[in-house]
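The values are calculated or read from the model by the stated rules, or taken from the named source; none is laboratory data. What you see is a predicted model, and the numbers here were worked out from it, not measured in a lab. Cβ: placed from backbone, ideal geometry, glycine included. Neighbour counts: every protein chain shown.
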Amino acid sequence: MLPGIKSKLPNVGTTIFTVMSSLAAEYSAINLGQGFPDFKMDEALIDGVQKAMKDGHNQYVHMNGLLKLRERLAEKIFDLYHSPINAGDEITITPGGTYAIYTALTTILQKDDEVIVFEPAYDCYIPAIELNGAKAIPVPLQFPGYEINWDAVREKINSKTKAIIINSPHNPSGKLITEQDINTLKSIIANSAIYLISDEVYEHLVFDQLQHHSILKYPELYQRAFVCFSFGKVYHCTGWKLGYCVAPPNLMKEFRKIHQFNCFTCNTPMQYAIAEFLKQKENYLGLGKFLQQKRDYFAQEMKATRFKPLASHGSYFQLYSYAGMSPEPENEFAVKLVKEFGVATIPVSAFYSQPQQNQVLRFCFAKKEETLQAAARLLKMV
Ligand code: PMP
Ligand code: GLN
């Protein structure tokens, strides 16, 4: 008998997204939990992949990603954020945003380093920090607006602080980083050696005429940043697991040392197809409006329920409070909604390392109207 494996993540179970999606499948519930669209992606992009395969683009592309794709991304970044990014040494195509974040953290972290993480936090951040022998230092966002408490950040910074992870639009709250946040961040880290990991996978999913403040726009911040993106969220194909990381050449050089031995290179035909599809700017420029309509449609339907919305200005998600409806903790309440009412959501407590109960659930509104309507009808009964 082999001895059991000494776990590298002894306190980690199965991610809440898999838990809730499996429960939804088991109880045939409507799944507004895990963030993925239930509407179709663009057929033209699928045709593009097929064409690339038929044209014979089926072998490894360059380990940093198809150059044409990286060039198109550099053009897009220049158009959107006026930042000159070099496709050659500042962009690497990755198998999704999660991998980009993991690789960025692995690139910079040494044993016992500390990384500041705002909570609620997307659930891949802390395990990736801990797997690298470093320590996550949680800073709670202020409920119910989920603003960043910069004084709390200042208090946590010390000589071990290696990085800060920021995520805007924010999962799960839908909160956006403001210009004021950016200025405060600049002043806090100006004379430090602190890196930034900026998770911008929802960059285009911004509502209410607000603006996405990409770290790419601010040279003082970008010089120390790994900025992570996902094509899954842009082209409604989360299952393609393709994304990219943008970082200055000196940082990207180290990132690639790790990438070359972990993944080496990503799916070739999809890179050809996306490079071509990126020419159609309206596809990503119209995304905010498209998703905002869904947020508003769902909010309208939810008015007939007792759930109360919190503000969402971006992402796929809106939080709803059930305070006053049930005293149950979020996890129990979310499980009950699946089993007894047929709707799956995500308990926000799953995004905290310290127990936190605000009686809020996360709903994914990146769904067909009929799905959102059917879910709201069931939730009326709660
Ligand atoms: N960051 C956030 C905030 C996310 O919600 C997700 C999930 N899409 C990711 C990163 C990971 O994206 P991907 O599926 O491309 O790994
Ligand atoms: N990012 C998606 C979410 O927040 C899920 C991705 C995953 O299941 N890991 O729901």
Q: Provide a single number: the residues in segment 186-210 that are at pLDDT 95 or above, closer than 25 Å to ASP151 by Cβ and among the polar types (S, T, N, Q).
A: 3
Q: Name every residue in segment 307-337 that is assigned to a helix (DSSP H, G or I) and surrounded by 15 or more Cβ atoms within 10 Å (Cβ to Cβ), in order of residue number.
A: GLU330, ASN331, PHE333, ALA334, VAL335, LEU337
Q: Mind counting the residues in segment 230-252 that are of a type in the set (Gly, Ala, Ser) and more than 15 Å from ligand 2 (Cβ to nearest atom)?
A: 1
Q.
Filter segment 301-329 down to the residues that are under 14 Å from VAL382 (Cβ atoms) and within 16 Å of ligand 2 (Cβ to nearest atom) and list them by number.
A. TYR320
Q: Run down ALA299, ALA374 and say which single residue is farther than 30 Å from ARG70 by Cβ and either in a loop (DSSP other than H, G, I, E, B) or free of Cβ contacts under 8 Å to residues at least 40 places away in the same chain (or both).
A: ALA299
Q.
For segment 338-382, which positions are closer than 16 Å to ALA323 by Cα and either buried (at least 22 other Cβ atoms within 10 Å of the Cβ) or of a type in the set (Val, Ile, Thr) (or both)?
A. THR345, ILE346, PRO347, VAL348, VAL360, LEU361, ARG362, PHE363, LEU379, VAL382
Q: Determine if segment 69-77 includes at least one residue that is surrounded by fewer than 20 Cβ atoms within 10 Å (Cβ to Cβ), among the small types (Gly, Ala, Ser) and under 24 Å from the mean Cα position of the chain (by Cα).
A: yes
Q: Please determine, by comparing only the residues of segment 209-241 that are part of a strand (DSSP E or B) and free of Cβ contacts under 8 Å to residues at least 40 places away in the same chain, which one is farthest from the chain's Cα centre (by Cα).
A: ALA225
Q. Can you tell me which residue in segment 242-252 is nearest to ligand 1 (Cβ to nearest atom), limited to those that are part of a strand (DSSP E or B) and not aliphatic (A, V, I, L, M)?
A. GLY243
Q) Any chance segment 4-26 includes a residue that's of a type in the set (Phe, Trp, Tyr) and either over 25 Å from SER349 (Cβ atoms) or away from ligand 2 (no atom under 11 Å from the Cβ) (or both)? A) no
Q. If you check PHE290, PHE255, PHE264, which single one turns out to be in a loop (DSSP other than H, G, I, E, B) and more than 16 Å from ligand 2 (Cβ to nearest atom)?
A. PHE264
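Residue-by-condition table, conditions (1) under 20 Å from ILE346 (Cα atoms); (2) free of Cβ contacts under 8 Å to residues at least 12 places away in the same chain; (3) touching a strand residue (DSSP E or B) at 6+ places or on another chain (Cβ under 9 Å):
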site: TYR99; (1), (2), (3): no, no, yes
site: VAL115; (1), (2), (3): no, no, yes
site: ILE137; (1), (2), (3): no, no, yes
site: ARG154; (1), (2), (3): no, no, no
site: ILE164; (1), (2), (3): no, no, yes
site: HIS170; (1), (2), (3): yes, no, yes
site: LYS186; (1), (2), (3): no, no, no
site: SER198; (1), (2), (3): no, no, yes
Q: Name the helices (runs of 4 or more DSSP H) wholly inside segment 94-163 in which the number of residues that are within 12 Å of ligand 1 (Cβ to nearest atom) and among the small types (Gly, Ala, Ser) is 3 or more.
A: 97-108
Q | Residue list for segment 15-50, restricted to those being assigned to a loop (DSSP other than H, G, I, E, B) and of a type in the set (Val, Ile, Thr) | A | THR15
Q) Within segment 170-192, is even one residue in a strand (DSSP E or B) and crowded, with 23+ Cβ neighbours inside 10 Å? A) no
